[in-house]
Amino acid sequence: MGPFEVADAVSLEALAEQGASLLASPAAVAERLFPVLEVDAAQARDLGHGKLLALPQHPDAEPVAAIERGTGDEHPDRLVALISVRQGRGRTLVGFPIEQQEAAE
């Protein structure tokens, strides 16, 4: 459906045996559905606090997936928010906060 192929689907049996690690991450799914804006840690924090981002070079678009790139398996890419970019400003439409356990690390 859309950018997803039936061949990529996970069977219920495999999911029951191997768990959620078989599923695509929210960041990977968002990258297939929306334009992407890569954000750094400070921008991710600002979006999480509802602040506007100055994005003078970014074209107007909505929604845009704001993704903070990870550094590997222990810190994978993270979908920070879906944002609206208008007149050089990025505004959070919906944010995806990090888990408390991840925030403490």
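Can you name the helices (runs of 4 or more DSSP H) wholly within the stretch 1-65 that have at least 1 residues being over 18 Å from the mean Cα position of the chain (by Cα)?
It comes to 12-18.
So, of the residues in the stretch 1-18 that are surrounded by fewer than 10 Cβ atoms within 10 Å (Cβ to Cβ) and either in contact with a helix residue (DSSP H, G or I) (Cβ under 8 Å, 6 or more places away or on another chain) or aromatic (F, W, Y) (or both), which turns out to be nearest to R32 (Cα to Cα)?
If we take residues in the stretch 1-18 being surrounded by fewer than 10 Cβ atoms within 10 Å (Cβ to Cβ) and either in contact with a helix residue (DSSP H, G or I) (Cβ under 8 Å, 6 or more places away or on another chain) or aromatic (F, W, Y) (or both), then P3 is nearest to R32 (Cα to Cα).
Of all residues in the stretch 19-30, count the ones that are under 22 Å from R69 (Cβ atoms) and loosely packed, with under 10 Cβ neighbours inside 10 Å.
Looking only at that region, the number is 2.
Among the residues of the stretch 66-81, what is the count of those that are at pLDDT 95 or above and assigned to a loop (DSSP other than H, G, I, E, B)?
Looking only at that region, the number is 0.
Being in contact with a strand residue (DSSP E or B) (Cβ under 8 Å, 6 or more places away or on another chain), more than 19 Å from G95 (Cβ to Cβ) and surrounded by 12 or more Cβ atoms within 10 Å (Cβ to Cβ) is true for just one of D77, D46, D60. Which residue is that?
D60
The values are calculated or read from the model by the stated rules, or taken from the named source; none is laboratory data. Since the model is a prediction, treat every value here as computed from it, not as a measurement. Methodologically, a virtual Cβ is constructed for each residue, glycine included, from the backbone with ideal geometry; neighbour enumeration extends over all protein chains shown.
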